[in-house]
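To start, the structure under review is shown below, and the notes come after it.
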Amino acid sequence: MTRTYPDEPAGEFPQPPRTITDREDRTIDVISADDADTESLVEMYLDFDPADRAQGIPPVKDEAIREWLETILDDDCVNVVAKHDDTVAGHATLVPDNEDEHELAIFVLQAYQGAGIGTALVETLLGHGQAEGIDHVWLTVERWNDPAISLYEKVGFEISSAESFEIEMAIRL
Amino acid sequence: MKLLLGVGGSELSYQALTETLERVSETGDELTVVIFENEDSDADLETVQQRVQERIDESGLEPPLRHIDGTSPGSELVNIAESEEFDRIVLGGGGRSPLGKIQLGPVVEFVLLNAQTPVTLIR
């Protein structure tokens, strides 16, 4: 199935590392991550509210979380995390598919949602992706998830398919 | 119980076939297998027919094997299940995206939303 991308590439996104102040006045570092960050990410996903899961991820159990992280922290993936002191508050990832395009997902712990961290994570992830030469990024989002959909639209994603259970969105970098 | 199993040529649909055949040889349920071309898999009907027939032969069971032609296999499955009073539709599906999200194909989605018959999704 061929995916429809916006005609025009998006502008330049900021690259990690960045430090932002969120809407709760917390200082948040947005930095790149790899498999060396596995333990702190396991900790974040063990704290993750199961009600915030989407389409079966993140997994719930320790072992399944580790197995899943192994895939998405692989060398050919791009990852950034948002850190508040030593706590990982959010994580965003780009994972390659078979067509040299990348699937995006983002997770923010409940206590840190609604404070602008998600937007900072997505923008910084896309900046990191641009620096790595990634030019096609897509994602799926549940059709009831309005906050997520408007976040993605604000960043420059456009809806590429709305025919199935989930909405598919895409951006050209 | 009268079971209607749809196989569209995806790997998950063959897995569902294998699991259903195993289960039916234990329960003695009355199974009908329907094959179709799933637009999400590249297999043509002939290839699907061949692979399905092989698995059926291995199982030692002899369920009737039927074809659905046309572009709306989901809608046809629902029609057959209702008009011939099947008790359950069985489908394989729910593959994973590159980063692990579960995704349902168009046929599975259509059947789940439109069937009046109970549906079992094997994933």
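The values are calculated or read from the model by the stated rules, or taken from the named source; none is laboratory data. Keep in mind the model is a prediction, meaning the values are calculated, not measured. FYI the Cβ positions are ideal-geometry reconstructions off the backbone, even for glycines, and counts take in every protein chain you see. Ligands, DNA and RNA are stripped out before the accessible areas are found, and what is left, the full protein with its side chains, is counted by its heavy atoms. Shrake-Rupley method; radii C 1.70, N 1.55, O 1.52, S 1.80 Å.
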Report summary line: So the FRET efficiency between A:GLU70 and B:THR120, C-beta based with R0 = 22 Å and rounded to 0.05, is 0.10
Report task. Quote the charge dipole size of segment A:42-85 about the Cα centre in Debye, to the nearest 20; the model charges only the Cβ of Lys and Arg (+1) and of Asp and Glu (-1). Result -> 160 debye
Query raised in the report: Which value, in debye to the nearest 20, gives the size of the charge dipole of segment A:1-140 about its Cα centre, when Lys and Arg are +1 and Asp and Glu are -1 at the Cβ?
Result: 520 debye
Report task. Out of all DSSP beta bridges with both ends in segment B:4-123, state the antiparallel percent to the nearest 5. Result -> 10 percent
**Report entry** Within 10 Å of each Cβ in B:98-110, the average number of Cβ atoms from other chains
**Finding:** 6
Query raised in the report: Relative to the longest principal axis of chain A, what angle (0 to 90°, nearest 10) does the C-alpha long axis of helix A:117-131 take?
Result: 60 degrees
Report task. Whole Å is fine, so just give me how far the alpha carbon centre of segment B:24-95 lies from that of segment A:128-144. Result -> 36 Å
Report summary line: With the 1.4 Å probe rolled over protein heavy atoms, segment A:1-110 has an accessible area per residue in Å² of 56 Å²
Query raised in the report: Of all accessible surface on the protein assembly as shown at a 1.4 Å probe, what whole percent is carbon and sulfur?
Result: 42 percent
Query raised in the report: Is chain A rounded, prolate or oblate when judged by the Cα gyration tensor, a ≥ b ≥ c being the square roots of its eigenvalues, rounded requiring a/c under 1.5 and prolate requiring a/b larger than b/c?
Result: rounded
Report task. Taking all protein chains together and a probe of 1.4 Å, list A:ASP25, A:ASP62, B:ASP29 from the most accessible to the least accessible. Result -> A:ASP25, A:ASP62, B:ASP29
Query raised in the report: What residues qualify as long-range amide H neighbours of A:ALA33, i.e. H under 5 Å apart, gap of 5 or more or another chain, H built at 1.01 Å from N?
Result: A:ASN79, A:VAL80, A:VAL81
Report summary line: Computed ³J(HN,Hα) along segment A:63-73: with the Karplus parameters 6.51/-1.76/1.60, θ = phi - 60°, integer Hz and x for glycine or proline, the list is 5, 5, 4, 4, 4, 5, 4, 4, 5, 8, 9
Report task. Count the lysine pairs in the protein assembly as shown whose Cα atoms sit under 28 Å apart, keeping only pairs 8 or more residues apart in sequence or on different chains. Result -> 5
Report summary line: Quick tally, 1.4 Å probe accessible area for A:THR140, A:THR27, A:THR2, sorted with the most first, runs A:THR2, A:THR27, A:THR140
Query raised in the report: Which ³J(HN,Hα) values in Hz, rounded to whole numbers, follow from the phi angles of segment B:32-47 under the Karplus curve 6.51 cos²θ - 1.76 cosθ + 1.60, where θ = phi - 60° and Gly and Pro get x?
Result: 10, 9, 10, 10, 8, 9, 8, 4, 7, 10, 8, 5, 8, 4, 4, 4
Query raised in the report: Using a 1.4 Å probe, what is the accessible area per residue for segment A:123-169, in Å²?
Result: 47 Å²
Query raised in the report: Interface A/B, total buried accessible area with a 1.4 Å probe, nearest 100 Å²?
Result: 1300 Å²
Report summary line: Everything considered on the Cα gyration tensor (a ≥ b ≥ c; rounded for a/c under 1.5, else prolate if a/b is larger than b/c, else oblate), chain B must be described as rounded
Requested in this report: Classify segment A:1-62 as rounded, prolate or oblate from the Cα gyration tensor: take a ≥ b ≥ c as the square roots of its eigenvalues, call it rounded if a/c is under 1.5, otherwise prolate when a/b beats b/c and oblate if not.
Outcome: oblate
Requested in this report: Evaluate the charge dipole of the protein assembly as shown about its Cα centre and quote only its size in Debye, nearest 20, assuming +1 on the Cβ of each Lys and Arg and -1 on the Cβ of each Asp and Glu.
Outcome: 680 debye
Requested in this report: Enter the accessible area per residue of chain B (Å², integer; probe 1.4 Å; all protein chains in place).
Outcome: 52 Å²
**Report entry** For segment A:47-71, residues shielded by at least 40 square angstrom of accessible area compared with the chain on its own, probe 1.4 Å
**Finding:** A:GLN55, A:ILE57
Requested in this report: Go ahead and estimate [θ] at 222 nm for chain B from helices alone: -39,500 (n - 2.57) per DSSP H run with n ≥ 4, summed, over the residue count, rounded to 500.
Outcome: -13500 deg cm²/dmol
